[in-house]
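Structure record follows, encoded as structure tokens.
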Amino acid sequence: LVDYKTDGSAPTGNAKTQALIEKFSFESKTLDPWTQFSVTGDQTWVVDTLHGVNNSYCAKMSGYSGGNLANEDWLISPSFDFSFNANVKIQFHSAFNYDGTPIQLLVSTDYVSGAPSTGTWTDISSSAVLSPGSWTWTPSGYVALGVATNNVHVAFKYTSDLTAARTWEIDEVVLVG
């Protein structure tokens, strides 16, 4: 049974949907096309083959190896060209356990390659919802990157010290615009 509108004018509306630009889930068993860069410490980002969202693969970083160790390690995305995209946002899932420093989410428009210090990075972590701990996978919500240009990189920055070395896992990274 169809109920047609027969009086007045027909309702109208406008809407915009978000288009998927890229999705990364580390199911290839490598971090590629992401780059890991270790500034301090011997520990590095690796692919965890068991503990991702729904027991999938994920990126993992821990500064613990027989004890807490000082580390600064970056997981840096490939370069993106967002010059034709408006309102670009990122969403990811995070999980962690143990004491330590929160993961940071950063964005750069002038980084090219090599050491992260060769680029200017803006911390957008405060807009992301992070895991409450105990290995609880938590979606970040959509975080605006605030850029619409070419050569855009996003990065996850991990830090630990001799007193605390949290283990972080990142999975299901999605970029939309």
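The values are calculated or read from the model by the stated rules, or taken from the named source; none is laboratory data. This is a predicted model, so every value here is computed, not measured. Cβ: placed from backbone, ideal geometry, glycine included. Neighbour counts: every protein chain shown. Side chains included, ligands, DNA and RNA excluded: accessible areas come from the protein's heavy atoms. Shrake-Rupley method; radii C 1.70, N 1.55, O 1.52, S 1.80 Å.
Approximating the spin labels as points 7 Å out from Cα along Cα→Cβ, the ASN151-to-VAL39 distance works out to 2.1 nm. For Cα extents along the principal axes in Å, pick the label among [x] 75, 37, 29; [y] 44, 43, 30; [z] 101, 36, 32 that corresponds to the value derived from the coordinates. It is the one labelled [x]. Across the protein chains, with a 1.4 Å probe defining accessible surface, the residues HIS93, HIS51 rank HIS51, HIS93 from largest area downward.
Under a model in which nothing but the beta-carbon of Lys, Arg (+1) and Asp, Glu (-1) is charged, the stretch 24-138 shows a dipole of about 240 debye around its Cα centre. Couplings 3J(HN,Hα) for the stretch 45-58, derived from phi with the Karplus relation 6.51 cos²θ - 1.76 cosθ + 1.60 (θ = phi - 60°), are 4, 9, 8, 8, 8, 10, 10, x, 4, 6, 6, 9, 7, 7 Hz, where x marks Gly and Pro.
Only Cα pairs under 8 Å and 6+ residues apart enter the sum, and on that basis the relative contact order of the chain stands at 33 percent. Of the solvent-accessible surface of the stretch 1-95, computed with a 1.4 Å probe and all protein chains present, 49% belongs to carbon and sulfur.
Per-residue extension of 0.36 nm, minus the Cα-Cα distance of ALA86 and THR163, leaves a gain of 23.5 nm for this segment.
At an R0 of 25 angstrom, the distance between the Cβ atoms of ASP32 and VAL129 translates into a FRET efficiency of 0.40. Protein heavy-atom accessible surface, 1.4 Å probe, per residue over the stretch 32-120: 48 Å². Computed packing ranks the peptides 69-78, 140-149, 165-174 as 165-174, 69-78, 140-149, most packed first, by mean other Cβ atoms within 10 Å. When a 1.4 Å probe is rolled over the protein heavy atoms, the share of accessible surface on the stretch 130-172 that falls to carbon and sulfur comes to 52 percent.
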